[in-house]
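One structure is given here, and the rest of the page talks about it.
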Amino acid sequence: MSPSLRTPDVLISEVGPRDGLQSVKATMCTAHKCNWISALHAAGLREIEVASFVPARLLPQMVDAAQVVQHALTLPGLTVMALVPNLRGAEAAIAAGVHKISIPVSASAAHSVANVRKTHEEMLAEVRNILALRQERAPQMGVEVGLSTAFGCTLQGAVAEDEVIRLAEAVVAAGVDDCGLSDTTGMANPAQVRRLFKRLFAAIGHHAGAAHLHNTRGLGLANCLAAWDVGVRTFDASLGGLGGCPYAPGASGNVVTEDLVFMFEAMGLCTGIDLDALFAARAPLQAGLPGEPVYGMTPLAGLPLGFVQGALRG
């Protein structure tokens, strides 16, 4: 089975090498990271967030970010992404040659201080500084913002939807290419996802970006389907469900890439991802993190008898 040449109906953006690895205690060595990223690419993933550019003293798992980026840049057709929390991180990411950066802007005021040590207004100023740097040094590089804790926060509790939309409008006005919504703490439900993404599309139109949803309370796929129903076409996911947020207590459980791809393919939608090869990409992950739990219902159950991927139909 091989991915079709048909244009995908949905973009699955793999965040395991960044979001997943920064959330576990063990540190995967550079060679294993590169092997894993190569396996993800071989399965058909064409956008991978491979690292974050943060101080090694804060996240030792990301100490080799530049080396990992250099490997990822050798993989044909791959959009190489990195997370940058500030201007210094953006400078390092640009120097490494990434195609796209993601800036985390917390919708929760409490999480913003805990995660990036900045208030909302200070973080908006940092976004503007990063965009000025992009214009000066790498105008071809994509810049997206992920509004973290958009659906609730373990530190603050409820997050006002009006504040989420205000921040989205502010970062788009500053010049970012896309702004998505992140359920960092796994508190979202499908009705909330539909409502808030509808508001996001109404407020910023084609700048509305990815859905980054977690499965902390078992609603990850339901929330992804709700986002799809209202027009979202880019979804973050993590192989084996690795991930969370070190600065949001209890924020475990990214949506499992394998389960998300299976859901869309079972619906007849093309992801461009070969499920058998995707399952095989769990082996280099587990080799690099021996003993680390990995999740996913589809790899355990296997594909249904007679199942044909949507990517291979028609």
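List the pairs whose first member sits in segment 83-108 and is more than 30 Å from Asp162 (Cβ to Cβ) and touching a residue at least 24 places away in the same chain (Cβ under 8 Å), whose second member is basic (Lys, Arg) and in a strand (DSSP E or B), and whose Cβ atoms are under 9 Å apart, counting only residues at least 6 apart or on separate chains?
Between residues of segment 83-108 that are more than 30 Å from Asp162 (Cβ to Cβ) and touching a residue at least 24 places away in the same chain (Cβ under 8 Å) and residues that are basic (Lys, Arg) and in a strand (DSSP E or B), there is no close pair.
Of everything in segment 93-117, what is over 20 Å from His212 (Cβ atoms), in contact with a helix residue (DSSP H, G or I) (Cβ under 9 Å, 6 or more places away or on another chain) and modelled with pLDDT under 95? Give them in sequence order. Steps first, answer last, please.
The first filter runs over segment 93-117 and keeps only residues over 20 Å from His212 (Cβ atoms), leaving 94-97, 113, 117.
Subsequent filtering for residues that are in contact with a helix residue (DSSP H, G or I) (Cβ under 9 Å, 6 or more places away or on another chain) retains 94-97.
Correct list: empty.
All but one of (1) at pLDDT 95 or above; (2) buried (at least 24 other Cβ atoms within 10 Å of the Cβ); (3) within 27 Å of Arg282 (Cβ to Cβ); (4) small (Gly, Ala, Ser) hold for Gly209; which doesn't?
The single condition Gly209 does not satisfy is (3).
Please identify the pairs in which a residue from segment 144-164 that is in contact (Cβ under 8 Å) with a residue 40 or more places away in the chain has its Cβ atom under 8 Å from the Cβ atom of a residue that is aromatic (Phe, Trp, Tyr), counting only partners at least 6 apart or on another chain.
Cβ pairs passing all conditions: Val159/Phe151.
Take segment 201-221 and flag every residue that is closer than 18 Å to Glu169 by Cβ and under 18 Å from the mean Cα position of the chain (by Cα).
Within segment 201-221, His207, Ala208, Gly209, Ala210 qualify.
Could you give me the residue pairs with C-beta distances under 7 Å whose first residue belongs to segment 229-241 and is surrounded by 18 or more Cβ atoms within 10 Å (Cβ to Cβ), whose second residue is of a type in the set (Phe, Trp, Tyr) wherever it lies, and which are 6+ apart or on separate chains?
Val232/Phe197; Gly240/Tyr295; Gly241/Tyr295
Within segment 1-57, restricting attention to residues that are β-branched (Val, Ile, Thr) and surrounded by 21 or more Cβ atoms within 10 Å (Cβ to Cβ), which residue is farthest from Asp274 (Cα to Cα)?
Val54
Residues in segment 83-90: is at least one more than 30 Å from Glu169 (Cα to Cα) and either of a type in the set (Ser, Thr, Tyr) or in contact with a Gly (Cβ under 9 Å, 6 or more places away or on another chain) (or both)?
No, because not a single residue in segment 83-90 is more than 30 Å from Glu169 (Cα to Cα) and either of a type in the set (Ser, Thr, Tyr) or in contact with a Gly (Cβ under 9 Å, 6 or more places away or on another chain) (or both).
Taking segment 18-51, which residues are of a type outside the set (A, V, I, L, M) and assigned to a loop (DSSP other than H, G, I, E, B)?
Filtering segment 18-51 for residues of a type outside the set (A, V, I, L, M) gives 18-20, 22-23, 25, 27, 29-30, 32-36, 38, 41, 44, 46-47, 49.
The answer is Lys25, Thr27, Cys29, Gly44, Arg46.
In the set Leu278, Leu242, Leu289, Leu285, which member is within 16 Å of Pro17 (Cβ to Cβ), modelled with pLDDT under 95 and among the hydrophobic types (A, V, I, L, M, F, W, C)?
Leu242
Just to be sure I understand the filter: pairs with C-beta atoms under 7 Å, separated by 6 or more residues or on different chains, first member in segment 277-300 and in a helix (DSSP H, G or I), second member among the hydroxyl-bearing types (Ser, Thr, Tyr) and modelled with pLDDT of 95 or more. Which pairs pass?
Leu278/Thr257
The values are calculated or read from the model by the stated rules, or taken from the named source; none is laboratory data. The model shown is predicted, which means the values in this text are computed figures rather than measured ones. With ideal geometry, Cβ positions are generated from the backbone for all residues, glycine too; neighbour counts draw on all protein chains shown.
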